[in-house]
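Novice: First, the structure itself, so that you have it in front of you.
The values are calculated or read from the model by the stated rules, or taken from the named source; none is laboratory data. From a predicted model like this one, the values you see are computed outputs, not experimental measurements. All Cβ positions, even for glycine, are placed from backbone atoms using ideal geometry, and neighbour counts span all protein chains on display. To get the accessible areas, we keep the full protein, side chains included, count just its heavy atoms, and leave off ligands, DNA and RNA. Shrake-Rupley method; radii C 1.70, N 1.55, O 1.52, S 1.80 Å.
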Amino acid sequence: MKINRLKLLIVALSAAAFMGCQDDRNNFMVSDSVSFVGTAEVLQQIREVSIYDQTCDIPVLKNGKGQSAATVHVQTSEAVLTAYNQANGTSYAYLPESCYEITSTLHFGEDDFRKFATLKWDVGAVSALDAEQTYVIPLELSVEGSVLPLAEDRKQTFITLVGSSVSMGALTNSSTGSDLVFDGQISLNSAISTLDVTIDYAIDNSLIAAYNEANGTSYKAAPDGMASLVATTSTIAAGELVTTFSCRISTQKVKEHIDELKAGGYVVPVSITSVTEGVAIEQKTAFVPLFPRETKGPWELLEGYEIGWAFGPTNPGNAMYIGARLFDGVVSNEWIPFINGNDQNVFPMVFVADMGQPHIFTNFLIADSYNFQGSYRDYEIYISNAYDGANTAWTKVASGMRDYTYCVEANTSPYVKDHPDLTYDYPIQQVAMGRYLKFVILKCEATRDNGIAPSPCGGGKLGDVWGEAL
């Protein structure tokens, strides 16, 4: 019983002592002040906000003990931006106040420590401003009645609304049925997470004159029916950067105008006509080329790889001499078949190459070796858009004996292996579109006028096989 009375006495004395002491818990906390969120250095940088978000919440802090209430105003001021430009050597423009609205007044209670000022803007109005200028919204805080101080180095912040721009871009070849298709990229410079971007486009031949003037060319508009768009609208999905457009080229129309293509060619301008609001257009037009260009390897060899000196049955030679050297795109990298008299070359020699993408050839080019000129001159060339080994459906596009004139200079020291007189045109006879090429050497010529006796095994050399094509 004595123990219990002692405990009660201790508790009573302790309570009395506690109530008689001052509460110093806030002594080490600063008095209340108001500021934007961030360091002084960060707040002096121009903050980029996506124009497509349409709204942005800007946090405002009441720092310190939290014992004061206050009404805080968030104001925009062109004078603040002018001072910023002068201090930083910049030339930002003040975003017109008609383009946006902001929560201008925030009421802080004693216990409130954070409020948000909401900035909203009109995407269309902002997008309609001068695209060459950078517009900034300068925000500055004030406290009604000055009941609380401002953190001087954190009372301002600067916002610019940034958008994305779209461009017509690079082209690659593909195919649809028997027609050639040019697939082009349409790309954004930065992804937009909040919306899909729709791009409309059309063929605009009125742009050809300016293109010719800028590039020193004289291309014409493609004849009616030669070029058409697979679609006139493409969409870049939200969060993505790229979509495609496709321009179809009629192989039949190419056949009808093959001489005009060789003589000068055409160009097809595919130009953006409209885009989702708020997205700028950077590169408006892609020009689809319709004129023969040099088309050469390296191409992947599917058949004929082992037709070469590297695989001589009784006398294997240098390992570099494989069939693929016929299509490596380098004239001086000559191809050599079997050369030993005991290793007879078998005719026809058949090579099949995958060019990687489809083409419509207007002419072929075949280069002799510098010292075995004219040994292989009789060919057949086929094209196909699908390869299925022995079941491939081939279209013969060229055949017969090509021209030949011995070039003494190429076979005289220093032996110029890529001498231009070693390359011969091999005309097409049938226009066709395809990705796969079959090159057939029918026989070896029995005589050569370069002073070297005919090879006893039907041997010879070639520099390279390639062509001019769409």
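Novice: Go through (1) open to solvent by less than 50 Å² (accessible area, probe 1.4 Å); (2) touching a residue at least 24 places away in the same chain (Cβ under 8 Å); (3) more than 30 Å from GLN430 (Cβ to Cβ) for PRO223 and report which single condition fails.
Specialist: (3) is the only condition that PRO223 fails.
Novice: Let me ask something else about it. Evaluate region 340-349: report whether one residue or more is surrounded by fewer than 19 Cβ atoms within 10 Å (Cβ to Cβ), at pLDDT 95 or above and in contact with a Gly (Cβ under 7 Å, 6 or more places away or on another chain).
Specialist: Yes; the residues of region 340-349 include at least one that is surrounded by fewer than 19 Cβ atoms within 10 Å (Cβ to Cβ), at pLDDT 95 or above and in contact with a Gly (Cβ under 7 Å, 6 or more places away or on another chain).
Novice: Which residues, counting only those in region 177-197, are surrounded by fewer than 17 Cβ atoms within 10 Å (Cβ to Cβ) and farther than 16 Å from SER234 by Cβ?
Specialist: GLY177, SER178, ASN189, SER190, SER193, THR194
Novice: Moving to a separate point now. Which of the residues that make up region 237-279 are in contact with a Gly (Cβ under 6 Å, 6 or more places away or on another chain) and either open to solvent by less than 20 Å² (accessible area, probe 1.4 Å) or closer than 30 Å to ASP122 by Cβ (or both)?
Specialist: If the condition is that a residue be in contact with a Gly (Cβ under 6 Å, 6 or more places away or on another chain) and either open to solvent by less than 20 Å² (accessible area, probe 1.4 Å) or closer than 30 Å to ASP122 by Cβ (or both), then PHE245, GLU277, GLY278 are the ones that fit.
Novice: Show the residue pairs meeting these rules: Cβ distance below 8 Å; 6+ apart or different chains; first residue within region 251-277 and of a type in the set (S, T, N, Q); second residue in a helix (DSSP H, G or I).
Specialist: These pairs meet every condition: SER271/LEU207.
Novice: Within region 110-156, can you find the residues that are in contact with a Pro (Cβ under 8 Å, 6 or more places away or on another chain), surrounded by 15 or more Cβ atoms within 10 Å (Cβ to Cβ) and charged (D, E, K, R)?
Specialist: LYS115 - this is the single residue of region 110-156 that is in contact with a Pro (Cβ under 8 Å, 6 or more places away or on another chain), surrounded by 15 or more Cβ atoms within 10 Å (Cβ to Cβ) and charged (D, E, K, R).
Novice: Wholly within region 372-470, which strands (runs of 3 or more DSSP E) include no fewer than the required count, namely at least 2 residues that are among the small types (Gly, Ala, Ser)? So that I can check it myself, show each step before the final result.
Specialist: Details: elements: 378-384, 395-401, 423-427, 433-441, 462-469.
In region 372-470, the matching strands (runs of 3 or more DSSP E) lie at 395-401, 462-469.
Novice: Which count do you get for residues in region 389-432 that are hydroxyl-bearing (Ser, Thr, Tyr) and within 20 Å of TYR376 (Cβ to Cβ)? Can you show your working first?
Specialist: First, the residues of region 389-432 that are hydroxyl-bearing (Ser, Thr, Tyr): 392, 395, 399, 404-406, 412-413, 415, 423-424, 426.
Adding the requirement that they be within 20 Å of TYR376 (Cβ to Cβ) leaves 399, 404-406, 415, 423-424, 426.
Within region 389-432, residues that are hydroxyl-bearing (Ser, Thr, Tyr) and within 20 Å of TYR376 (Cβ to Cβ) number 8.
Novice: In region 41-67, which residues are under 17 Å from LYS155 (Cβ atoms) and open to solvent by less than 50 Å² (accessible area, probe 1.4 Å)?
Specialist: Within region 41-67, the first condition is being under 17 Å from LYS155 (Cβ atoms), and the residues that meet it are 41-47, 58-64.
Within region 41-67, LEU43, ILE46, ILE58, PRO59, VAL60, LEU61, LYS62, ASN63, GLY64 meet the criteria.
Novice: Mind listing just one residue for me: the one in region 158-176 that is over 30 Å from VAL37 (Cβ atoms) and hydroxyl-bearing (Ser, Thr, Tyr) and, of those, surrounded by the most Cβ atoms within 10 Å (Cβ to Cβ)?
Specialist: At the first step, the residues of region 158-176 found to be over 30 Å from VAL37 (Cβ atoms) are 165-176.
Narrowing the set further to residues that are hydroxyl-bearing (Ser, Thr, Tyr) leaves 165, 167, 172, 174-176.
Working: SER165: 15, SER167: 17, THR172: 12, SER174: 14, SER175: 20, THR176: 14.
Out of the qualifying residues, it is SER175.
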